[in-house]
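Bear in mind these aren't lab numbers, they're just calculated from the coordinates by the rules spelled out. Nothing here was measured: the structure is a model prediction, and the numbers come from that model. Every residue, glycine as well, gets a Cβ built from its backbone with ideal geometry; the counts of neighbours run over all protein chains shown.
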């Protein structure tokens, strides 16, 4: 099933292999503008059924890593047009992952005070400017609590970013609600200590994400909108959330009538709990529409999940760093190039080395 087409309403993929979003920090400076090197990187991987772009900040204050390409200026939109055209010319499909990191940033990256549901900081590091002028991992700044006006403005930033993505040629957008970033911060008790309509109850904590998704669907259409969640990952948080499973099920019930392109579960990274078959079945019972999973999957585990009917699409992250032709390699039983320490060192920043210079296998699909 991994190599078979998938269709749900107007959302279609040529196979069920997805390239997961991965921050690579190669945008042109100043301005965080996508460029031709990025276009080549994504073009090389266009045999995926779907490419999900690296996280794309929807505003300056939403940025959490240096040199990440935005989608809120005319120059950034024009830069992304080169990327999407390259992917489409190679027969691929690409969604933009829309991103606001919330408290997981530094004021030198955002250019202003960083924001979060509540003014709560925990030890955390992000990729940003070092005192010596270079770049590396730096401690995050203390955040300030968002006002209601700022929350509504952020929702509008996502809707406008979705419109910008369509103008840039993307086939759709995935809203990043995972990994301890802004929406995830609203969902979890430890990071959301608000007493207004955006805090407290399950309904209140998921309000911003539900409202943002609904507004984005209204703006560009449900088949072009998806969301990423990570209930079993506590990245960017100090502890597990005792209500996150219950909240996730309540959230999925709210999302089901929207008929999104897919819901994307990120798993098995950072601080995480293993995902059980019972959890997957519970998800299926409340959410009958397309489900994608990512996180240390292999061809074999992906096939098993598909055969069992627990998921519809499987995303691969680090294998796509060193294997631009991952689909062909898996389809032809070819070995995968290893993601090693050298590959890890080239993840953030730099040029073509460790980015677009990985060879393809010799076998033909």
Candidates 217, 263, 56: whichever shows maximal mean-square fluctuation once the chain is modelled as a Gaussian network with Cα springs under 10 Å: 217
Mean separation of Cα contacts under 8 Å, 6 or more apart, over the residue count of the range 138-215: relative contact order %: 25
Theoretical FRET efficiency, 1/(1+(r/R0)^6), r = Cβ-Cβ of residue 81 and residue 353, R0 25 Å, to 0.05: 0.45
All-pairs alpha carbon distance profile, the range 38-163, 5 Å steps from 0, percent: 2, 11, 18, 19, 17, 14, 10, 6, 2, 0
Protection-proxy order for peptides 66-75, 129-138, 315-324, 284-293, each taking the mean of Cβ atoms within 10 Å per residue, highest first: 315-324, 66-75, 284-293, 129-138
Relative contact order, percent, the chain [alpha-carbon distance under 8 Å, six or more residues apart]: 17
Dimensionless Rg over Rh [the range 124-254; C-alpha; Kirkwood]: 1.00
Segments 247-257, 219-229 sorted - mean Cβ within 10 Å per residue, highest first: 219-229, 247-257
Rounded D (µm²/s) - the range 152-196, Kirkwood Rh over Cα pairs, Stokes-Einstein at 4 °C, 1.567 mPa s: 107
Residue-averaged 222 nm ellipticity for the chain, from DSSP H runs of 4+ at -39500 (n - 2.57), nearest 500: -9500 deg cm²/dmol
Full-extension gain in nm, residue 112 to residue 219, via 0.36 nm per residue minus C-alpha separation: 35.6 nm
Dimensionless Rg ratio for the range 206-365, taking C-alpha atoms and the 2.2 N^0.38 Å reference: 1.18
Efficiency of FRET from Cβ geometry, residue 332 and residue 153, R₀ 51 Å, rounded to 0.05: 0.55
Efficiency of FRET from Cβ geometry, residue 197 and residue 342, R₀ 41 Å, rounded to 0.05: 0.25
Alpha carbon centroid spacing (whole Å) that separates the range 253-288 from the range 213-248: 9
Label selected from (i) 86, 53, 37; (ii) 61, 44, 38; (iii) 58, 52, 37, the criterion being Cα extents along the principal axes in Å as computed here: (iii)
